[in-house]
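Report on one structure; see the data block that follows.
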Amino acid sequence: MISSRQLMILQSIIDDYILTGVPVGSRTLSKRMEGSLSSATIRNEMADLEDEGYLEQPHTSAGRMPTEKAYRLYVDTLMRVNKLNAEELRTIRKYFSSQMDEIDNVVATAAKALSDLTHMTSVVIVPELKGLTIKRIQIVRMSGRRALMLIVFANGKVKDEMIDIDESMDDEYLEMLSRVITERVADVPLEEAVGAVRSLSDTDMWQHREFLMKLINAVAESRDISKEVVFGGAGNILNHPELRDIDKARQFLELLDTKDAIYNMFRRAANMEFTIRIGNENEFDQLKDMSVVTATYRIGDRDMGTFGIIGPTRMDYGKVVSLMKGISVSMNKIIDNLLAGDK
């Protein structure tokens, strides 16, 4: 059982090590605590904490540094999540101040803001489309027999695809076609949208069956675009001395390339407000020396996506959580406005 004095010493060591990355000695700690405990007393308590698995010593003459067990105790019982100050809030709002008319813009901005402000690698999962509805489909002639089809979803995401059209389809006909198709798919769950478009086969539009089949295929493929992952600051791993091993950095970047693995890892945390996985708590070997902090963002009262950071176990967990809360507020507000403007 760890004593209150050991807990105070352990917190001081962790706070100092997070800030400096340098193992902490008893004399340094005694000075920081303004002599309230002698260096000899602190040294004895540090030895006990090491025996309990909370501290380790890189070599005999060095100070102590926290272990994963210490970080877990810190996160569970000692971590302080303070409110962001006015300057920090202004900085976050500045990232989101430009006009954004698509969910993808919001996701990309969140990834950049989070990586810039934490100096770590950010991960943002694009909102899932399953269970959502299509708001409208718009077909716009681009040139000759080529047109751009836009599928606008209820979550604000837009899928675009170039399609071939018949020469007989003028702008007025394409506008009419867009309106009729939208009437069939508006507020229809994505899983049922293919059938709704296919039902056009009982109308005069079936004379353009080749075009409609391409349209059906495009809607069908939309069901597979939700597993999207956006990264920010992938190279930030090299900013941290403990993660500069070239082989480990290469393995980490290769893991990021395996987007399905990262996507599934983050989605498993989708029903929790915040999760913090430290070192060996992570499922992938490439993350065993790192920590992963995740949070959910919402559309209304519905959890729609997950975002977070990957960085060294020596991170300021409280600050990271505070920044993620601030970014989540900005994301939710803009996404709500996008959806309200699309109704």
Next item on the list: Go through (1) under 25 Å from SER291 (Cα atoms); (2) outside the structural domain of ASN236 (by TED's automatic domain parsing) and name the single condition GLU175 misses.
Entry: (1)
Checklist line | Subset of the range 48-64 (residues that are of a type in the set (A, V, I, L, M) and modelled with pLDDT of 95 or more) | finding: LEU49, LEU55
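Are any residues in the range 236-250 free of Cβ contacts under 8 Å to residues at least 12 places away in the same chain and closer than 17 Å to HIS119 by Cβ, and if so, which ones? Quick ask: steps written out before the conclusion?
At the first step, the residues of the range 236-250 found to be free of Cβ contacts under 8 Å to residues at least 12 places away in the same chain are 238, 244-247, 250.
Within the range 236-250, LEU238, ARG244 qualify.
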Next item on the list: For the range 67-80, indicate whether the set of residues that are of a type in the set (Gly, Ala, Ser) and surrounded by 13 or more Cβ atoms within 10 Å (Cβ to Cβ) is non-empty.
Entry: yes
Notebook entry, point to check: Residues in the range 45-66 that are closer than 17 Å to ILE18 by Cα and of a type in the set (D, E, K, R): how many?
Noted result: 2
Item checked: Residues within the range 181-190 that are in contact (Cβ under 8 Å) with a residue 24 or more places away in the chain and surrounded by fewer than 13 Cβ atoms within 10 Å (Cβ to Cβ), tallied -> 1
Margin query: Restricting to the range 232-291, and then to whatever is aromatic (Phe, Trp, Tyr) and not in a loop (DSSP other than H, G, I, E, B), can you tell me which residue is farthest from VAL321 (Cα to Cα)?
Written below: PHE252
Check: What pairs can you find where one residue is in the range 251-280 and at positive phi, the other is in a loop (DSSP other than H, G, I, E, B), and their Cβ atoms are less than 8 Å apart, with a gap of 6+ or different chains?
Finding: GLY279/LYS288; GLY279/ASP289; GLY279/THR313
Note to self: Of all residues being among the charged types (D, E, K, R) and free of Cβ contacts under 8 Å to residues at least 24 places away in the same chain in the range 3-49, which is surrounded by the fewest Cβ atoms within 10 Å (Cβ to Cβ)? Just the residue, please.
What the structure shows: GLU34
Check: Which members of the range 159-180 meet the condition of being modelled with pLDDT under 80 and crowded, with 17+ Cβ neighbours inside 10 Å?
Finding: LYS159
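The values are calculated or read from the model by the stated rules, or taken from the named source; none is laboratory data. Because the structure is predicted, anything quoted here is derived from the model rather than measured. Cβ: placed from backbone, ideal geometry, glycine included. Neighbour counts: every protein chain shown.
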